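> Could you have a look at this structure, given as structure tokens, before my questions?
The values are calculated or read from the model by the stated rules, or taken from the named source; none is laboratory data. Everything numeric in this text was worked out from a predicted model, so none of it was measured. Note that each Cβ is placed from the backbone with ideal geometry, even for glycine, and that neighbours are counted across all protein chains shown.
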Amino acid sequence: MNPEVSADKSRLNLDVLRPYLATRRGWFALAAVTIVAGVGFELWLPQILANFIDDALGTTALSTLLGLAGLYIAVGIGAQAAAITSRYVGTAIGWSVANDLRIDATTHVASLDLDYHTHTSAGALIERVDGDIDAVAKMFSHFAVQVISGVLLLGGIFVLTFRENALAGWTVVGFTAAVVVIMFVLRGFAVAATKAERGTSAELYGFIEERLAAIEDIRANGAGAFVMRRFQSVMRRYYTRSVTAWVKRSVIWTASIGMFSLGTLLALAVGAYLVFQGQISYGVAFLIIQYMSKLEGPIEEITDQMQEVQKAAAGLGRIRELFGQRPAVQRTGTTELPDTALSVEFDKVTFAYDSDPVLDDISFVFAAGTHIGLLGRTGSGKSTITKLIARFYDASSGTVSLGGWPIAQIAESSLRNRVAVITQDVQLFEGTVRDNVAMFVPDYDDRLIEDALAEIGLGPWVASLPGGIHTHLDTAGKGLSSGEAQLVALARAYVLNPGLVILDEPSSRVDPATEVALSAALDRLIEGRTAIIVAHRLATVSHVDEIMILQDGQVIEHGRRSELAAAPDSVFARLLDTARDGLIRDEVPL
């Protein structure tokens with residue numbers, strides 16, 4: 001349902017919502033019936049009171065007056081029931097639309113390139129997917145019902161007032177026209193300020209999210225005071241823009257109060273004049289005053305909801321901008337990869353994140369079933385190669401192929417099922433052990449999950465848990481060691497049964513004893529599969545088949561590990577000689 005993006009962000013353009021509204025025609029029909037019924041009851045009530053007053057001042061029997069009183073109560077109850085039903089239906093429409101819109105927005109965000117997420121904070125995305133859509137939901141929950149019923153009520157008041165007296169009718173129409181003109185002048189008064197407020201809110205949430213994620217580093221480095229100064233600066237901007245937006249939105253509300261005070265005096269004056277002229281009765285005079293006071297309700301609702309509309313207009317503009325983001329990687333392939341180990345081929349591949357190429361016209365082939373150690377200094381292009389293989393980015397030029405197929409021709413689902421990527425920063429989620437291994441896919445059999453964990457070496461750990469694989473893990477896997485978390489990540493890949501495994505320094509954050517267990521688990525995982533291991537420790541690639549070394553985006557050495565280690569003039573042999581602590585350091589000459 002990704003809608004086209006409109007360039008006009010200053011007005012309430014509902015194009016982005018039309019696909020969602022079109023599926024709820026039945027709800028809109030129910031809302032229309034209850035709104036019309038409620039307006040009819042609201043218009044009827046003052047008529048009953050006017051008749052009651054005129055009858056009470058005359059010689060009407062008490063039974064008639066009691067009958068009018070009972071009718072007034074019944075109509076009042078009907079008006080309340082209709083109002084409650086219409087508001088309920090409006091709320092149901094608003095929140096169901098918002099939920100569907102959130103699903104589509106979240107799906108769209110997940111489809112965007114890694115580069116977009118790198119340059120956009122999580123807080124900013126949360127504000128768009130939740131905060132902006134929340135403003136849209138509130139607009140539908142209140143504004144739509146109140147404004148439609150208000151417009152109908154105004155029209156009914158005009159007709160019925162003119163029916164009683166032309167001067168009274170023109171007075172009501174003139175007063176309403178003056179209020180509408182003021183509202184029209186002020187309708188976009190706060191949109192820009194509200195949009196700036198929402199943008200600063202996103203900045204604030206992003207700032208908080210990033211600092212909370214780095215709380216240990218902040219404390220360890222004594223940066224608390226600096227962070228608080230930055231926080232105060234962001235909060236000051238948010239406060240200033242929020243106050244500015246609130247003041248501008250309040251101008252509409254303040255203007256309406258002044259107008260309605262004038263309207264009440266005007267109705268009293270016109271009613272008194274017409275009674276003294278003998279043109280209307282006391283009951284009709286009361287009717288005019290009642291109708292004038294009833295104008296206050298819908299117009300006040302409209303002025304109040306205009307603030308929500310301005311928020312929604314700003315939110316829709318930002319949602320439209322979000323949907324306007326398009327992934328550079330077009331996932332239109334249809335080829336299914338085979339259920340075997342996958343070969344990898346780079347043919348004259350060049351890639352640049354910005355202007356300077358990170359990979360420069362490189363070519364190589366990894367045969368299916370081969371285990372490759374990828375070495376090089378920081379910034380040499382190792383991680384970029386793995387990202388191109390996982391198709392987080394597309395090459396600027398050249399061709400990346402898996403299993404003999406250009407990667408652009410491979411179906412996205414097949415690529416994700418056949419290529420497993422395990423990073424050194426393992427992300428665990430709040431959920432059960434099973435959820436974290438199966439990545440919340442319900443189709444996997446429990447036995448498969450248990451076998452994968454046992455194969456990786458976590459069988460005793462799972463057996464010690466009170467609920468086995470159904471034991472709930474804390475947020476972000478708190479309570480698990482880094483080694484256990486890394487093994488859970490390996491189990492994910494084992495369950496996936498991929499043809500290619502990419503490991504980015506899997507043992508960089510574990511102690512030596514855990515590294516031994518992890519190494520054994522890695523050996524079991526990559527057996528019979530193609531494996532690419534990005535390493536900074538030479539011990540990590542001690543059992544691979546091939547070594548490929550990168551420098552400045554170029555392949556400077558690629559061959560069998562045993563042959564390179566035995567060749568005294570090879571770069572890999574020099575690394576073995578100079579990197580005595582087992583680490584490949586940037587200062588070690590390649």
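> Out of curiosity, is Gly315 buried (at least 17 other Cβ atoms within 10 Å of the Cβ), in a loop (DSSP other than H, G, I, E, B) and either in contact with a Leu (Cβ under 9 Å, 6 or more places away or on another chain) or outside the structural domain of Gln409 (by TED's automatic domain parsing) (or both)? Don't jump to the end; show me each part of the working.
Details: buried (at least 17 other Cβ atoms within 10 Å of the Cβ): yes; in a loop (DSSP other than H, G, I, E, B): no; either in contact with a Leu (Cβ under 9 Å, 6 or more places away or on another chain) or outside the structural domain of Gln409 (by TED's automatic domain parsing) (or both): yes.
No, not satisfied.
> Right, another one. Let me confirm something: among Ala408, Ala368, Ala395, Ala420, which residue is assigned to a helix (DSSP H, G or I), among the small types (Gly, Ala, Ser) and either at pLDDT below 85 or out of contact with any Lys or Arg (no Cβ under 7 Å at 6 or more places or on another chain) (or both)?
Of Ala408, Ala368, Ala395, Ala420, the one residue that is assigned to a helix (DSSP H, G or I), among the small types (Gly, Ala, Ser) and either at pLDDT below 85 or out of contact with any Lys or Arg (no Cβ under 7 Å at 6 or more places or on another chain) (or both) is Ala408.
> Quick check on Val433: is it among the hydrophobic types (A, V, I, L, M, F, W, C), under 31 Å from the mean Cα position of the chain (by Cα) and either more than 21 Å from Gly369 (Cβ to Cβ) or surrounded by fewer than 16 Cβ atoms within 10 Å (Cβ to Cβ) (or both)? Full working, then the answer.
Numbers: among the hydrophobic types (A, V, I, L, M, F, W, C): yes; under 31 Å from the mean Cα position of the chain (by Cα): yes; either more than 21 Å from Gly369 (Cβ to Cβ) or surrounded by fewer than 16 Cβ atoms within 10 Å (Cβ to Cβ) (or both): yes.
Yes; evaluated as a whole, the condition is true for this residue.
> Consider segment 371-385. How many of its residues are of a type in the set (S, T, N, Q) and crowded, with 20+ Cβ neighbours inside 10 Å?
Start the filter on segment 371-385 by keeping residues that are of a type in the set (S, T, N, Q), which leaves 378, 380, 383-384.
From what's left, crowded, with 20+ Cβ neighbours inside 10 Å: 380, 384.
Count: 2.
> Answer yes or no as to whether Ser250 is among the polar types (S, T, N, Q), assigned to a helix (DSSP H, G or I) and at pLDDT 85 or above.
Numbers: among the polar types (S, T, N, Q): yes; assigned to a helix (DSSP H, G or I): yes; at pLDDT 85 or above: no.
Criteria not met by Ser250.
> Does Ala285 satisfy the criteria of being in contact with a Lys or Arg (Cβ under 9 Å, 6 or more places away or on another chain) and either crowded, with 22+ Cβ neighbours inside 10 Å or more than 30 Å from Ser201 (Cβ to Cβ) (or both)? Give the steps one after another, and end with the answer.
Values: in contact with a Lys or Arg (Cβ under 9 Å, 6 or more places away or on another chain): no; either crowded, with 22+ Cβ neighbours inside 10 Å or more than 30 Å from Ser201 (Cβ to Cβ) (or both): yes.
No, not satisfied.
> Oh, and also: Quick one: which of Asn417, Asn497, Asn436 is of a type outside the set (Ser, Thr, Tyr) and on the phi > 0 side of the Ramachandran plot?
Numbers: Asn417 fails: on the phi > 0 side of the Ramachandran plot; Asn436 fails: on the phi > 0 side of the Ramachandran plot.
None of the other options fit; the residue is Asn497.
Yes/no per residue for (1) within 44 Å of the chain's Cα centre (by Cα); (2) among the aliphatic types (A, V, I, L, M); (3) within 26 Å of Pro498 (Cβ to Cβ):
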position	(1), (2), (3)
Ser519	yes, no, yes
Leu538	yes, yes, yes
Ile547	yes, yes, yes
Leu550	yes, yes, yes
Ile556	yes, yes, no
Glu563	no, no, no
Leu576	no, yes, no
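> So, one more: What do you reckon, is Gly94 in contact (Cβ under 8 Å) with a residue 12 or more places away in the chain, crowded, with 16+ Cβ neighbours inside 10 Å, more than 9 Å from the chain's Cα centre (by Cα) and more than 30 Å from Val36 (Cβ to Cβ)?
Values: in contact (Cβ under 8 Å) with a residue 12 or more places away in the chain: yes; crowded, with 16+ Cβ neighbours inside 10 Å: yes; more than 9 Å from the chain's Cα centre (by Cα): yes; more than 30 Å from Val36 (Cβ to Cβ): no.
For Gly94, the condition - in contact (Cβ under 8 Å) with a residue 12 or more places away in the chain, crowded, with 16+ Cβ neighbours inside 10 Å, more than 9 Å from the chain's Cα centre (by Cα) and more than 30 Å from Val36 (Cβ to Cβ) - is not met.
> Sticking with this structure for a sec: Look at Tyr88 and say whether it is touching a Leu at 6+ places or on another chain (Cβ under 9 Å), assigned to a helix (DSSP H, G or I) and surrounded by fewer than 19 Cβ atoms within 10 Å (Cβ to Cβ). Break it down into steps so the answer makes sense when it comes.
Working: touching a Leu at 6+ places or on another chain (Cβ under 9 Å): no; assigned to a helix (DSSP H, G or I): yes; surrounded by fewer than 19 Cβ atoms within 10 Å (Cβ to Cβ): yes.
So Tyr88 does not fit the description; no.
> Kindly state which helices (runs of 4 or more DSSP H) lie completely within segment 480-590 and contain at least 1 residues that are among the polar types (S, T, N, Q) and at pLDDT below 80.
Helices (runs of 4 or more DSSP H) meeting the threshold: 482-496, 512-526, 571-578.
> Please work out if Val147 is surrounded by 16 or more Cβ atoms within 10 Å (Cβ to Cβ), hydrophobic (A, V, I, L, M, F, W, C) and out of contact with any Gly (no Cβ under 6 Å at 6 or more places or on another chain). Before the answer, list the steps.
Details: surrounded by 16 or more Cβ atoms within 10 Å (Cβ to Cβ): yes; hydrophobic (A, V, I, L, M, F, W, C): yes; out of contact with any Gly (no Cβ under 6 Å at 6 or more places or on another chain): yes.
Spelling it out, Val147 is indeed surrounded by 16 or more Cβ atoms within 10 Å (Cβ to Cβ), hydrophobic (A, V, I, L, M, F, W, C) and out of contact with any Gly (no Cβ under 6 Å at 6 or more places or on another chain).
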